[in-house]
1. Roughly what % antiparallel, to the nearest 5, for the DSSP beta bridges in the stretch 2-156?
2. In the Gaussian network model of the chain, springs joining C-alpha atoms below 10 Å, which of Y209, Y168, Y232 carries the largest mean-square fluctuation?
3. Could you tell me which residue out of L225, F40, T81 lies farthest along the dipole of the chain toward its positive end? Charges go on the beta carbon: Lys and Arg +1, Asp and Glu -1, centred on the Cα centre.
4. Long-range amide H contacts for E24: which residues qualify at under 5 Å (H placed 1.01 Å from N, peptide plane, sequence gap of 5 or more or a different chain)?
5. Most fluctuating residue of C59, C12, C98 in a GNM of the chain with Cα springs under 10 Å: which is it?
6. Restricting to the stretch 81-236, what percent of DSSP beta bridges are antiparallel, rounded to 5?
7. Leaving ligands, DNA and RNA out of it, rank M184, M72, M1 by accessible area with a 1.4 Å probe, largest first.
8. Under 20 Å from the Cα of K7, which lysines turn up, not counting those fewer than eight places away in the same chain?
Amino acid sequence: MSRFPRKTVRECTEFEGKGLHSGEPTTATVHPGESGIVFFSGKTRTPAVPENVTDTSRCTRLGEISTIEHLMSAFAALGVTDAEVEVTGAELPAMDGCALAFFEGLKKLGLQEIGEREVPLPFERVFHVDGEVKIAVSSGQGLWRYEFECGDRWPGSQHFEFSFPGDYGVEVAPARTFAFEEEMEMVRAAGLGRGLDATTAFVIGRTGYVNETRFTDEPARHKLLDLVGDLYLSGIPPVFLNVVSTRSGHRHNVAAAAKLRQSA
């Protein structure tokens, strides 16, 4: 068994903006908590665990609340284990298309310890394989790697590695969401991405980025950001895990989180 501190926010903090996909105004208020991480809207309360995920199409939906992955990633990086997240709409605000605003806001607010929790280590190595998609998780020292593979399509291969705790706020949190140029018509037709613009997201063209990026390997970094948030549904802090993922998206991440939660 490995012990780690349970942490929650010192006081309430509010994040306000447009929903990443809906474009509708929405607010997420993070309250101190003592019952794990729970999202709620109205009278509906949904614990942040893999079995409560209801959709993984271009985001992770928990119950009726969409796009939880960026806030969950910030929680994971900061070691937040308990929080009550009150959402006024059906989706969390996009903020700047990544986890930076959540991470910085929570860090500035400050955290408080409310006890300890145990995680059984080492546990059985977890694999999730689906065609070319592969996720391998083991107990470890917080070494994470995402392999972004596009085959013959630009940018080909991008690999990004990060070691927790590291400088998540500089290396991972600022990496924004993205889409391939050829997907844009389909994305718009599906009514998605309405809360984003050229400053909060980027487009991958056939031969280069269509708009300015924050990192040359921003796709791989954002994919790792999402992976961290989705796997944190298992309840295991990222510093205790070694993870290698190739081509995975939300559906596969959540499936791996479910296996990890069952194993541990």
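1. Working: 31 of 36 bridges.
Rounded to the nearest five, the antiparallel share is 85 percent.
2. So, out of Y209, Y168, Y232, the one fluctuating most is Y209.
3. Most positive-ward Cα: T81.
4. Result for E24 returns G19.
5. C12
6. Values: 13 of 17 bridges.
Of those bridges, close to 75 percent are antiparallel.
7. Numbers: M184 40, M72 0, M1 145 Å².
My answer, sorted largest first, is M1, M184, M72.
8. K107, K108
The values are calculated or read from the model by the stated rules, or taken from the named source; none is laboratory data. Since the model is a prediction, treat every value here as computed from it, not as a measurement. Virtual Cβ from ideal backbone geometry, glycine too; neighbours counted across all protein chains shown. Note: accessible area is taken over every heavy atom of the protein model, side chains too, but ligands, DNA and RNA are not part of it. Shrake-Rupley method; radii C 1.70, N 1.55, O 1.52, S 1.80 Å.
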